[in-house]
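Participant: Sharing a structure with you now.
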Amino acid sequence: METEESNTKAAASWYLLQKDRLLAHGNNSDISGKKRKQESTVGHEPVTCILEDKVEQDTTITRINQDEEEPSNKKVKPFSKGTGLASLMGPVKSTSLKRIGQSIQRSISFKTEARPFPAPPLRQRPKNSTTVKRRNSLLWSDTVEITEELSMKEIKRQEVIFELAQGEQQLIDDLSLVKKAYYEPMLKLDIMAENELTQIFGTLDSLIPLHEDLVNRLHNLRGTEGAVDEVGPTLMEWFPCLDAYITYCCNQVTAKALLDIKKQDPRVEHFLRLCQESSFSRKLDLWNFLDLPRSRLVKYPLLLKEIVRHTNSEHPDKPHLEEAMELIQSIVAEVNRKTGEAECHYYRSQLHFVDEIQRIPEILRSQLLLCHGDLKNNKGQKLHVFLFELVLVLSRPVTQNDKLQFQVFRQPIPIGDLLMEDLPDGDTGLAGSFRGAFISANDKTKNCFRVSSKGRLKGHAYSLQANDSFNKQQWISCIRQAIVSYKDHINILHLSPEINSANSSLDDIADLSIECDDKECEDVEMNDQYVNNKGVNFLDPKY
């Protein structure tokens, strides 16, 4: 009898240990499903009672009781290697098991099922949006009560006229800001000398009252309902005042060069940077403000074109607007021509000639600078190339006495002798492989073109590399346009019999110079600098 009781206790003790392991390794659904466990243990009612009595005891006590009740010869199944922390946990309260199971289940559901709320879409900035455009948000229709008598075309016409007035007021505000936030503080703080500030800001003060006059004129044109009947006569009277822009725009070339030099001064750079980071500047630098008048000038033809487009043909303002359109176009063209001449004169004065033979007459005769910018030659050297209307000049930027100059590189090429060749990407077999220290043999050269001379400098070819394909196409387009314009000019001159006779005599001279000795060739070459291969003497005053 005692043996049976001992065996029963041993079996119950062993089953209790196995049950504890099942509780530790079981999933949450098995732990929380108490009813299912009771059904699965039918036929073992004594063991179930023992289990329910023991679950509230401490882990240590349970293990001690198990060791005392187990016979010494009973083999206990060892823990498997992959048991983990859960197998080391003793029995806990059923409510705690439920709470743990629920928390684990919630954490799993959060990781697998829960998703964060979708973030609201960001407001996309309109393309080509600038601060100036955002300021011009008020429309004419927002300031008046539109009646049914106005057609849609007339409403658009009034909107453009209102935009013209609003743009004038914004320009006045910006120019006044430049004076108060830049000119006066820099003068007071002695950041720049007064003569330097005068050259940089130019005649900016004279432009403010000029545009204030137009604002007052446009305001007086508004009727009782806020509409403007005729604006053409007022613009015809006011547009000639824009001749003041000739002086201001011509000064911008030297002003920009001086400003770039002064920015190297730490005090100037610090002051301008603080101003640009301030809210009043709208993230614009000083030069953006100084260039606003020129931008405003070129916008007048566009605004006037829109006013004409939305004006009915029978409107009395139509002929006045058309006359004003022709007037403003001629004024803008004159300002551009004078500005181009001033820019050309400035950069011609900045050329430094290593040899007097480089000072060819085409440079002195050029009145327009078609384009200029940085390019690289086949050795990777940085060059600044000038395309004047009559000559192509390669130069190297140098600084002398804290002033930027351009040292003429090689011999300038007259447009009449200029040949241009577009080099495809990767074409390294031509003159100038562009294989430098930083270019491997597998790299392809890109954005290159070649210029050469067909005159006495035949054989002088220069391979040039642009920064990108767009810059390359700009150079190629400008060079081709310069060549075509030059040929058209020569063809017009050839219509004169005197020019043709001069050409024949000069051609004879050119033929004789082929077989001359070195000294004679040098003299002829010096003389040929004043007469191009087409027989046109550019030093002749009549040309």
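Participant: Looking only at the range 223-251, which residues are open to solvent by less than 20 Å² (accessible area, probe 1.4 Å) and under 32 Å from the mean Cα position of the chain (by Cα)?
Facilitator: Leu242, Tyr245, Tyr248, Cys249
Participant: I'd like to check something: does the range 167-190 contain any residue that is at positive phi and under 29 Å from the mean Cα position of the chain (by Cα)?
Facilitator: At the first step, the residues of the range 167-190 found to be at positive phi are 190.
Add one more test, that the residue is under 29 Å from the mean Cα position of the chain (by Cα), and what stays is none.
For the range 167-190, residues at positive phi and under 29 Å from the mean Cα position of the chain (by Cα): absent.
Participant: Pick out, from the range 145-223, the helices (runs of 4 or more DSSP H) lying fully within it that include 2 or more residues that are touching an Asp or Glu at 6+ places or on another chain (Cβ under 6 Å) and more than 21 Å from Phe280 (Cα to Cα).
Facilitator: Qualifying helices (runs of 4 or more DSSP H): 204-221.
Participant: Looking at Lys256, Lys299 in this structure, which one is open to solvent by 20 Å² or more (accessible area, probe 1.4 Å), part of a helix (DSSP H, G or I) and at pLDDT 95 or above?
Facilitator: Lys299
Participant: Let me ask another. Filter the range 139-196 down to residues that are buried (at least 17 other Cβ atoms within 10 Å of the Cβ), of a type in the set (Ser, Thr, Tyr) and in contact (Cβ under 8 Å) with a residue 24 or more places away in the chain, then give me how many there are.
Facilitator: Residues meeting the conditions: 1.
Participant: Within the range 277-296, can you find the residues that are surrounded by fewer than 15 Cβ atoms within 10 Å (Cβ to Cβ) and among the polar types (S, T, N, Q)?
Facilitator: Matches in the range 277-296: Ser278, Ser279, Ser295.
The values are calculated or read from the model by the stated rules, or taken from the named source; none is laboratory data. Values in this document were obtained by computation on a predicted structure and should not be read as measured data. No Cβ is skipped: glycine too gets one built from the backbone with ideal geometry, and neighbour counts run over all protein chains shown. Surface areas here come from the heavy atoms of the whole protein model, side chains and all, with no ligands, DNA or RNA. Shrake-Rupley method; radii C 1.70, N 1.55, O 1.52, S 1.80 Å.
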